[in-house]
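If you scroll down you'll find the structure; I have some questions about it.
The values are calculated or read from the model by the stated rules, or taken from the named source; none is laboratory data. Note that the coordinates shown come from a computational prediction; the quantities given were computed from them, not determined experimentally. Cβ placement follows ideal geometry from the backbone for every residue including glycine, while neighbour counts extend to all protein chains displayed.
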Amino acid sequence: MVPGTASHRTIEHNHGLSLKYKAEPGKSDNPIHRDLEEVLRFVPIHFLLNTIVDIDKNVLEAVAGDVMEAHRAGISLASQRFVVPTEEELYDVVIASPGGDPKDKQMYQAIKSMKNAAAFTKPGGTIIIAAQCSEMLGNGTLQYWVDTMPSRDWMVRKLKEQFVIGAHKILHIDESLQQRSGLPVFVVAELFTRASRVACGTEPSANDRYNTYARDEGRNHAVCIINLCRADIYLTQTLLVMLLFWLYA
């Protein structure tokens, strides 16, 4: 129901909770998720059928029944299959792909790969994101902020004062860059503007700087390749089927 049928104000409020609280893959007991569950107080949904699928849309598991109980059971099953501990082994270089079309059409969506890749990267390590980004940033609000704001630091400061959906992706980028202090991020993309480079703190891979890095610095490093790095909070693609039974007085 949220964000699928929610108003812009509701979606922005829920996303804005990320300024105070953090959500972890496979763990739904947090204020951000509980905020989503509040909708059940207003809309009587009596039955939920969720399927957990692989990248080829093959059904791996199915859960059904009470909305919250079935969903939490699905989280547990999905976590067993898809959640990978990150702190056990970190890498000097992480090469990540969102998983191809349509997941890499926009930087707006490909940023999720950056966040996941950062979790596997050593402090000061390097991330290489392979994302076509044929639609460039892919969001008008994000594009406006990138084109008109003076710096990423300035944008982060403004977003912490007033959360704005769309532009909030700048916070995700900054978090990824700060998570592994000083890490360079290279993006293999079809289109990449100077404004995008300044805002995202990344570099297009086709330039001399990246080629120099790959030749001189990229040797004798532990390298991790993640082919399907774009993932939502539960690290699975989930087909959600809701059967809605509306109660009228």
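Among the residues of region 92-102 satisfying the criterion of being under 20 Å from the mean Cα position of the chain (by Cα) and surrounded by 14 or more Cβ atoms within 10 Å (Cβ to Cβ), which is farthest from residue 33 (Cα to Cα)? Steps first, please.
Here is the first cut: in region 92-102, the ones under 20 Å from the mean Cα position of the chain (by Cα) are 93-102.
Keeping just the survivors that are surrounded by 14 or more Cβ atoms within 10 Å (Cβ to Cβ) gives 93-100.
Details: 93: 32, 94: 29, 95: 30, 96: 27, 97: 27, 98: 24, 99: 26, 100: 28 Å.
Of everything passing the filter in region 92-102, 93 is farthest from residue 33 (Cα to Cα).
Residues being surrounded by fewer than 17 Cβ atoms within 10 Å (Cβ to Cβ) and over 19 Å from residue 9 (Cβ atoms): count how many of those fall in region 141-155.
Within region 141-155, residues that are surrounded by fewer than 17 Cβ atoms within 10 Å (Cβ to Cβ) and over 19 Å from residue 9 (Cβ atoms) number 7.
If a residue counts only when it is among the polar types (S, T, N, Q), under 19 Å from the mean Cα position of the chain (by Cα) and over 15 Å from residue 106 (Cα atoms), which helices (runs of 4 or more DSSP H) contained entirely in region 135-179 have at least 2 such residues?
Numbers: elements: 140-148, 152-161, 169-179.
Correct list: 169-179.
Kindly establish whether residue 110 is buried (at least 20 other Cβ atoms within 10 Å of the Cβ), assigned by TED's automatic domain parsing to the domain that holds residue 143, touching a Pro at 6+ places or on another chain (Cβ under 9 Å) and in a helix (DSSP H, G or I). Reasoning before the result, please.
Details: buried (at least 20 other Cβ atoms within 10 Å of the Cβ): yes; assigned by TED's automatic domain parsing to the domain that holds residue 143: yes; touching a Pro at 6+ places or on another chain (Cβ under 9 Å): yes; in a helix (DSSP H, G or I): yes.
Here the answer is yes, as residue 110 does meet what is asked.
Residue 20 - would you say it is at positive phi and loosely packed, with under 14 Cβ neighbours inside 10 Å? Give the steps one after another, and end with the answer.
Details: at positive phi: no; loosely packed, with under 14 Cβ neighbours inside 10 Å: yes.
Taking the combined requirement at face value, the residue does not satisfy it.
Do we find that residue 110 is in contact with a strand residue (DSSP E or B) (Cβ under 9 Å, 6 or more places away or on another chain) and over 23 Å from residue 185 (Cβ atoms) in this structure? Talk me through it step by step, then tell me what you get.
Working: in contact with a strand residue (DSSP E or B) (Cβ under 9 Å, 6 or more places away or on another chain): yes; over 23 Å from residue 185 (Cβ atoms): no.
Taking the combined requirement at face value, the residue does not satisfy it.
Give me the helices (runs of 4 or more DSSP H) completely within region 1-95, filtered to those with at least 2 residues that are touching a helix residue (DSSP H, G or I) at 6+ places or on another chain (Cβ under 7 Å) and farther than 25 Å from residue 119 by Cα, ordered by residue number. Break it down stepwise before answering.
Numbers: elements: 8-16, 31-37, 67-82.
Those helices (runs of 4 or more DSSP H) span 31-37, 67-82.
Quick one: in region 45-66, of everything that is in contact (Cβ under 8 Å) with a residue 40 or more places away in the chain and under 23 Å from residue 30 (Cβ atoms), which residue is surrounded by the most Cβ atoms within 10 Å (Cβ to Cβ)?
50
State yes or no: is residue 65 at positive phi and at pLDDT 85 or above? Spell out the reasoning first.
Numbers: at positive phi: yes; at pLDDT 85 or above: yes.
Taking the combined requirement at face value, the residue satisfies it.
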